[in-house]
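Only one structure is covered here, and it is reproduced in the block below.
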There are 2 protein chains.
Amino acid sequence: MENDPVQAIATRLKIEREARGWSLAELAERSGVSKAMISKIERSEASPTATVLGRLSGAFGLPLSVLLALAERAQERVALQAEQPVWTDPETGYTRRAVSPANSPLEILDVSLPSGVRVPYPASAFAFQHQQIWVLAGRLDFQEGPVMHHLAEGDCLLLGPPADCVFFNPGKEPARYVVALTRR
Amino acid sequence: MENDPVQAIATRLKIEREARGWSLAELAERSGVSKAMISKIERSEASPTATVLGRLSGAFGLPLSVLLALAERAQERVALQAEQPVWTDPETGYTRRAVSPANSPLEILDVSLPSGVRVPYPASAFAFQHQQIWVLAGRLDFQEGPVMHHLAEGDCLLLGPPADCVFFNPGKEPARYVVALTRR
DNA sequence: TGCCATCGTCCACTATAGAAGACGATTATC
DNA sequence: GATAATCGTCTTCTATAGTGGACGATGGCA
């Protein structure tokens with residue numbers, strides 16, 4: 001029953017930070033946690049308190065339980081559907097499911113966007129990662145900086161250099177799409 | 001983005017402990033965390049470290065992420081299916097879904113037990129709670145102390161005084177059943 | 001009534017989480 | 001090739017997490 005999550009949190013924290021292209025200083029500013037402490041946590045030289053974990057997950061825009069669920073799957077090779085962490089935005093109904101076992105250099109997300117919902121995504125979250133969007137069902141209007149892409153079922157878009165983006169579902173049915181990303 | 005989980009952890013920890021009828025001293029012994037510290041955490045006078053949270057969730061037999069997911073839903077009244085914490089035992093495929101929004105005096109669990117799987121449950125986990133088992137699909141052999149109950153689809157069993165129990169699915173199909181429990 | 005046993009909280013002390021800033025290493029810019 | 005950012009780690013210090021044990025309250029039980 002011995003279950004120290006310090007190591008798992010360490011590797012996951014580093015992954016989340018680097019996936020966004022953030023330095024220690026930048027994550028420190030966004031989260032309000034000192035960069036010295038973040039450095040220690042990432043090297044598993046400290047056991048963060050619940051308060052600090054809450055600040056860090058908040059900076060990533062993730063509920064703490066989802067961040068930990070991702071951390072716990074660190075060494076798994078197979079991710080059963082029932083074990084995949086799901087996060088639903090209670091306001092919009094936007095749902096994001098982490099399909100890939102964690103710690104893989106390639107991550108797959110299964111996203112469902114309700115009809116009429118609009119989700120912005122800041123450029124800073126895209127830095128240092130290559131990603132593609134593939135629509136499984138419904139329609140998706142994707143604004144990439146000044147450019148607007150109209151995607152329908154089966155379409156796949158490769159994202160360019162980092163820009164502020166917006167996901168929007170113009171249809172009447174929920175849009176379901178895959179986000180696949182790899183880090184630089 | 002301010003998201004201090006200390007209060008939510010406090011109430012959830014107390015619920016999990018009391019649902020099992022454990023005193024501070026008993027949880028302290030099972031988890032290896034001092035009872036003084038557990039008392040502080042339950043009164044949200046301390047922010048537990050990841051290490052301590054790992055020991056506590058381990059004592060409850062829950063992954064840390066599930067414990068936190070339950071804590072996060074503290075003040076919700078509606079629990080969307082996608083938000084309900086699910087835990088799957090990787091060895092047996094046993095799946096448990098927490099249906100009720102947390103902090104309610106009545107809790108509903110949606111359990112799926114694969115064919116041929118056997119799950120023991122110690123008497124200590126039952127103390128101070130009243131519970132019923134209702135089979136939705138498949139068959140379930142439920143051993144309650146020395147007594148064996150054979151349940152089929154639609155059957156509902158009211159549990160007696162605390163005893164060591166075993167869930168077993170003798171059928172070829174997965175068994176799906178509801179566990180409803182309330183605290184004393 | 002008196003005596004244990006057990007409950008949760010409080011106290012004194014130690015270990016460590018966490019903040020602020022210094023430091024060497026690396027890379028970009030001219 | 002010198003200067004200046006910026007990176008992550010290390011150092012110092014303070015706040016607090018965490019432990020062991022004492023304490024008053026409560027509840028059987030003789």
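The values are calculated or read from the model by the stated rules, or taken from the named source; none is laboratory data. What you see is a predicted model, and the numbers here were worked out from it, not measured in a lab. Ideal geometry is used to build each Cβ from the backbone, glycine not excepted, and the neighbour counts take in all protein chains shown. To get the accessible areas, we keep the full protein, side chains included, count just its heavy atoms, and leave off ligands, DNA and RNA. Shrake-Rupley method; radii C 1.70, N 1.55, O 1.52, S 1.80 Å.
Tabulated values for the structure
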{"item": "Inter-copy separations for B:PRO114, label at 7 Å along Cα-Cβ, nm, ascending", "result": "3.5"}
{"item": "Calculated diffusion of chain A, Stokes-Einstein form, Kirkwood radius summed over Cα pairs, 37 °C and 0.692 mPa s, µm²/s", "result": "190 µm²/s"}
{"item": "Angle between chain A longest axis and helix A:6-19 axis [Cα atoms, degrees, rounded to 10]", "result": "40 degrees"}
{"item": "Solvent-accessible area of A:MET148 with every protein chain in place, 1.4 Å probe, in Å² to the nearest 10", "result": "90 Å²"}
{"item": "Positive dipole terminus of the protein assembly as shown, leading residue within B:PHE168, B:LEU157, B:ALA59 (C-beta point charges)", "result": "B:ALA59"}
{"item": "Kirkwood Rh and Cα Rg combined as Rg over Rh, evaluated for the protein assembly as shown", "result": "0.99"}
{"item": "Label point 7 Å beyond Cα along the C-beta direction, distances from B:THR92 to other copies (nm, shortest first)", "result": "4.1"}
{"item": "Candidate aspartates and glutamates - alpha carbon under 20 Å from B:LYS14, same-chain residues fewer than 8 apart omitted", "result": "B:ASP4, B:GLU26, B:GLU29, B:GLU42, B:GLU45, B:GLU72, B:GLU76, B:GLU107"}
{"item": "Charge-dipole axis of chain A as Lys and Arg at +1 and Asp and Glu at -1 on Cβ define it, positive-most pick from A:GLN131, A:SER44, A:ASN3", "result": "A:SER44"}
{"item": "Label distances, nm, B:ALA180 versus same residue in remaining copies, Cβ-directed 7 Å point", "result": "4.6"}
{"item": "Solvent-accessible surface (1.4 angstrom probe) belonging to A:ILE9, in square angstrom, nearest 10", "result": "10 Å²"}
{"item": "Net charge dipole size for the protein assembly as shown [Lys, Arg +1 and Asp, Glu -1 on Cβ; Debye, nearest 20]", "result": "440 debye"}
{"item": "Gaussian network model of chain B, springs between alpha carbon atoms under 10 Å - residue of B:ALA19, B:ALA82, B:ALA152 with greatest fluctuation", "result": "B:ALA82"}
{"item": "Area accessible to solvent at B:THR88, 1.4 Å probe radius, in Å²", "result": "10 Å²"}
